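Visitor: Please find one structure pasted underneath; my questions will follow.
Any read-out appearing in this document is the output of simple, stated calculations on the displayed coordinates, not a laboratory observation. None of the values given here were measured: they were computed from a predicted structure. Neighbour counts are summed over all protein chains in view; Cβ atoms, including those assigned to glycine, are modelled from backbone coordinates with ideal geometry.
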Amino acid sequence: MAKINFGGVEEEVVTREEFPLERAREVLKNEVVAVLGYGVQGPAQAMNMRDNGINVIVGQRPGTKNWDKAVADGWVPGETLFPLEEAAERGTIVQYLLSDAGQRSQWSKIVECLNEGDMLYFSHGFSVTYKDDTGVVPPPNVDVALVAPKGSGMSVRRNFLAGSGINASFAVHQDYTGRAWERTVALGIAIGAGYLFPTTFKNEVYSDLTGERGVLMGALAGVMEAQYNELRKHGHSPSEAFNETVEELTQSLIRLVGENGMDWMYANCSTTAQRGALDWKNRFRDAVAPLFEQLYESVANGTEARITLEANSRPDYREQLEKELAEMRNSEMWQAGAAVRALRPENWGREVDKYTGTQVHR
Ligand SMILES: NC(=O)c1ccc[n+]([C@@H]2O[C@H](COP(=O)([O-])OP(=O)(O)OC[C@H]3O[C@@H](n4cnc5c(N)ncnc54)[C@H](OP(=O)(O)O)[C@@H]3O)[C@@H](O)[C@H]2O)c1
């Protein structure tokens, strides 16, 4: 592990320098890695490992769209693609990458397929941490670990193909074989992680649920809507309100933050922007701090997990989700967004917006 100073706090992390791909291949050379689930994370991790020379098979419900997607991605039924339980039986490392609600519903079958010394791998601490709600309690004679990429499965694959990686956390929850640590880190390297930082199952799920409900998704969309609505209320056009709320952020400012940090982005804005942003930053921080406190509490006491499991287990979950997403998509703000995206030079002249299907030019 390499010791790295993160803002004054020393942490140990694993990079490809201390743990190169050749070592990961060596550690995994006698393993069959069964990736169960071919949704978002499944394909990315399975294909990255396959490209890295790891022995991978996929488990997915036959007759589904995701089964067809797996076939289209080159997995061969009966050779490298199997129904869930058959893949789990064949694997010595079982990567449980069903949706978190799916993990709960399939658990009683999958647990029967685990053999002594196998590794049960997750990409989220959810099922194990909230075991009272999920019933996922691994048997004592297997290794249990997680590698959780800090990005969408789509970026896990895209960044891999582009030669970069997505950072991931890792944790060993149970070490039966004495090899759990090296198996886990090898898997993290094999799926193409940037660097790997240690966590626990509980910390992974608490931080993840807080992050996605907060800044990464929930707060982001909420704050954007609030600002857009305020600008519209005062008569600003949709185009102006959208550009000042979303487009300038995604096309310019947040990229600068990603490259060199917030202060660097501030340093490269006008003095007017700097002064105002520095003054208002603390007001926003203080205004939302109580909400973050409530959010963390709701995660820690299991409320968020229960809401998620209940909602995702409803038979009409996908329909309801599509309704809510359509409402967002069809709102004035995001319709304005579709029009703004269509006017980007690289999209100019395209028939339809590729994300919304909106006709943009003829
Ligand atoms: N999405 C991400 O980018 C991301 C990022 C980091 C970590 N993770 C974690 O990675 C894991 C997988 O997440 P994901 O987003 O890839 O999940 P997802 O896209 O929702 O995965 C769905 C997969 O689960 C299967 N599934 C769902 N319910 C099922 C059920 N009742 N029975 C059998 N199969 C079922 C689906 O099969 P069908 O096609 O048959 O429905 C599909 O293969 C989760 O633990 C998640 O928290 C995800």
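Visitor: Give the percent of DSSP beta bridges with both residues in the chain that are antiparallel, rounded to the nearest 5. Working shown, then result.
Guide: Details: 13 of 35 bridges.
That works out to approximately 35 percent antiparallel.
Visitor: What 222 nm value per residue comes from the helices of the chain, counting each DSSP H run with n ≥ 4 as -39,500 (n - 2.57) and dividing by all residues, nearest 500 deg cm²/dmol?
Guide: Working: 18 runs with 184 residues, N = 362.
So the helix-based figure for the chain works out to -15000 deg cm²/dmol.
Visitor: Compute the normalised compactness of the stretch 163-236: alpha-carbon radius of gyration over 2.2 N^0.38 Å, N being the residue count.
Guide: Working: Rg = 19.3 Å, N = 74, 2.2 N^0.38 = 11.3 Å.
Normalised Rg, Cα atoms only: 1.71.
Visitor: Turning to a different aspect of this structure: Enumerate the amide H contacts of Asn55 below 5 Å, restricted to partners 5 or more residues apart or on another chain; note that Pro and chain-start residues carry no placed amide H.
Guide: Long-range HN contacts for Asn55: Val33.
Visitor: Any idea what Rg and Dmax come out to for the chain if you just take the C-alpha atoms, in Å?
Guide: According to the Cα coordinates of the chain, Rg and Dmax are 22.5, 67 Å.
Visitor: Next question, about the same structure. Based on the Kirkwood radius over alpha-carbon pairs, what value in µm²/s does the Stokes-Einstein equation return for the translational diffusion coefficient of the stretch 141-276 at 25 °C and 0.890 mPa s?
Guide: Values: Rh = 18.0 Å.
Here the translational diffusion coefficient equals 137 µm²/s.
Visitor: Related question: Round to the nearest 0.05 the FRET efficiency obtained for Ile4 and Leu161 when R0 = 30 Å and r is the Cβ-Cβ distance.
Guide: Working: r = 27 Å, r/R0 = 0.88.
Computed FRET efficiency for Ile4 and Leu161 comes out at 0.70.
Visitor: For a Förster distance of 35 Å, can you work out the FRET efficiency between the beta-carbons of Leu249 and Leu321, rounded to the nearest 0.05?
Guide: Numbers: r = 25 Å, r/R0 = 0.72.
Step by step, r from the Cβ atoms, then E = 0.85.
Visitor: Taking a ≥ b ≥ c as the square roots of the eigenvalues of the Cα gyration tensor of the stretch 1-123, is the shape rounded (a/c under 1.5), prolate (a/b larger than b/c) or oblate?
Guide: Details: a/c = 1.89, a/b = 1.71, b/c = 1.11.
Since a/c reaches 1.5 and a/b is larger than b/c, the shape of the stretch 1-123 is classed as prolate.
Visitor: Can you give the charge dipole size of the stretch 2-199 about its Cα centre, rounded to the nearest 20 debye, using +1 on the beta carbon of Lys and Arg and -1 on the beta carbon of Asp and Glu? The partial results should precede the final answer.
Guide: Details: 18 positive and 24 negative charges, 113 e Å.
The dipole magnitude comes to about 540 debye.
Visitor: So what's the projected area for the stretch 263-346, the Cα convex hull averaged over all directions, in nm²?
Guide: Details: hull surface 38.4 nm².
Taking the Cα atoms of the stretch 263-346, their convex hull projects to 9.6 nm² on average.
Visitor: So what's the stretch 223-362 giving for Rg/Rh, alpha carbon basis, Kirkwood Rh from the mean inverse pair distance? Could you put the intermediate results ahead of the total?
Guide: Working: Rg = 18.9 Å, Rh = 18.3 Å.
Checking Rg against Rh, the ratio lands at 1.03.
Visitor: Now a separate question. Could you order the peptides 336-344, 165-173, 273-281 from most to least packed, using the average number of other C-beta atoms within 10 Å per residue? Let's see the in-between values first.
Guide: Numbers: 336-344: 18.3, 165-173: 21.1, 273-281: 11.9.
Final packing ranking: 165-173, 336-344, 273-281.
Visitor: Place the peptides 140-151, 13-24, 88-99 in order of packing, highest mean first, counting for every residue the other Cβ atoms within 10 Å and averaging per peptide.
Guide: Working: 140-151: 21.2, 13-24: 15.8, 88-99: 23.2.
Listed from highest to lowest mean packing, they are 88-99, 140-151, 13-24.
Visitor: A follow-up question, please. Which log10 I(q)/I(0) values, to two decimals, does the stretch 200-303 give at q = 0.17, 0.22 Å⁻¹ under the Debye formula with one point per Cα?
Guide: -0.99, -1.30
Visitor: Sorted by packing (mean other beta-carbon atoms within 10 Å per residue), highest first, where do 2-9, 235-242 land?
Guide: Values: 2-9: 8.2, 235-242: 15.8.
The peptides rank, most packed first, as 235-242, 2-9.
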